[in-house]
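So the structure is just underneath, and the comments pick up after that.
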Amino acid sequence: LMTAWLGLLPVSADTRPPRWEVAVARMALDASTARNAPHLANPIAPTQENLMAGLKLFKDDCAGCHGPPATALANEAKPDLYPNPPQFALHHPSKPDYQLFWIAEHGVRYSGMFVMKGAFRKDASGRDPSDEKLWTLVTFLTHLDALPPAIDAEWRKSATQ
């Protein structure tokens with residue numbers, strides 16, 4: 001605490017954080033997510049249609065920070081954000097569906113990961129599609145290791161456009 005008060009902790013985003021800071025931040029995120037995320041079942045089946053819809057959501061709403069395959073290595077090597085968002089093309093999410101949903105829904109403090117709950121425009125009937133879209137995105141992310149060939153080709157193609 002005294003170190004922080006004296007201004008001895010690095011706070012600039014272009015300074016590599018100390019290992020202990022990274023470890024504490026990861027531990028806090030993992031523990032908080034495990035504690036707070038309700039064990040909800042993912043209602044979105046991993047059909048080709050749903051995976052393609054998830055890919056589109058990723059490209060439109062997530063790729064700017066989490067990067068597509070073509071930029072993931074560069075994004076990881078020279079991060080523009082602190083902490084550096086995981087590059088899902090390189091490091092597929094390993095958390096369960098319900099935890100990824102909770103993270104996307106609530107965001108992550110001090111990271112730039114904003115709250116996605118309510119971030120989508122209401123549909124014609126006035127219904128908030130946030131939950132359905134977030135689950136669709138989560139379905140895509142949790143299937144990156146085993147995308148059907150057509151979806152995988154689109155995932156890799158989209159990165160170069």
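Checking each residue in region 44-54 for being under 19 Å from TRP102 (Cα atoms) and in contact with an Asp or Glu (Cβ under 8 Å, 6 or more places away or on another chain) picks out only ILE44. Restricting region 77-113 to residues that are at pLDDT below 90 and among the aromatic types (Phe, Trp, Tyr) leaves a set whose member that is surrounded by the most Cβ atoms within 10 Å (Cβ to Cβ) is TYR82.
Every condition in (1) more than 24 Å from PRO18 (Cβ to Cβ); (2) of a type in the set (A, V, I, L, M); (3) over 13 Å from the mean Cα position of the chain (by Cα); (4) at pLDDT 95 or above is met by ALA70 except one, and the failing one is (4). When ALA77 is tested against (1) over 13 Å from the mean Cα position of the chain (by Cα); (2) small (Gly, Ala, Ser); (3) within 15 Å of ASP145 (Cβ to Cβ), only condition (3) is not met. Applying the set (1) among the polar types (S, T, N, Q); (2) out of contact with any helix residue (DSSP H, G or I) (no Cβ under 8 Å at 6 or more places or on another chain); (3) surrounded by 13 or more Cβ atoms within 10 Å (Cβ to Cβ) to THR33 leaves exactly one unmet item: (2). In this structure, is GLU105 outside any loop (DSSP other than H, G, I, E, B), under 27 Å from ASP80 (Cβ atoms) and under 18 Å from the mean Cα position of the chain (by Cα)? When the stated conditions are applied, GLU105 passes them.
Exactly one residue among ARG156, ARG121, ARG127 is in a helix (DSSP H, G or I) and open to solvent by 70 Å² or more (accessible area, probe 1.4 Å), and that residue is ARG156.
The residues in region 21-54 that are among the hydroxyl-bearing types (Ser, Thr, Tyr) and free of Cβ contacts under 8 Å to residues at least 60 places away in the same chain can be counted, and the count is 2.
Given the conditions (1) under 18 Å from the mean Cα position of the chain (by Cα); (2) exposed (fewer than 13 other Cβ atoms within 10 Å of the Cβ); (3) modelled with pLDDT of 90 or more, and given that ALA45 satisfies all but one, which numbered condition is not satisfied? Result: ALA45 passes all but (1).
The values are calculated or read from the model by the stated rules, or taken from the named source; none is laboratory data. Since we're looking at a predicted model, the values are computed, not measured. Here the Cβ is made from the backbone with ideal geometry for all residues, glycine too, and neighbour counts use every protein chain on show. In case anyone asks, the SASA skips ligands and DNA or RNA and just uses the protein heavy atoms, side chains included. Shrake-Rupley method; radii C 1.70, N 1.55, O 1.52, S 1.80 Å.
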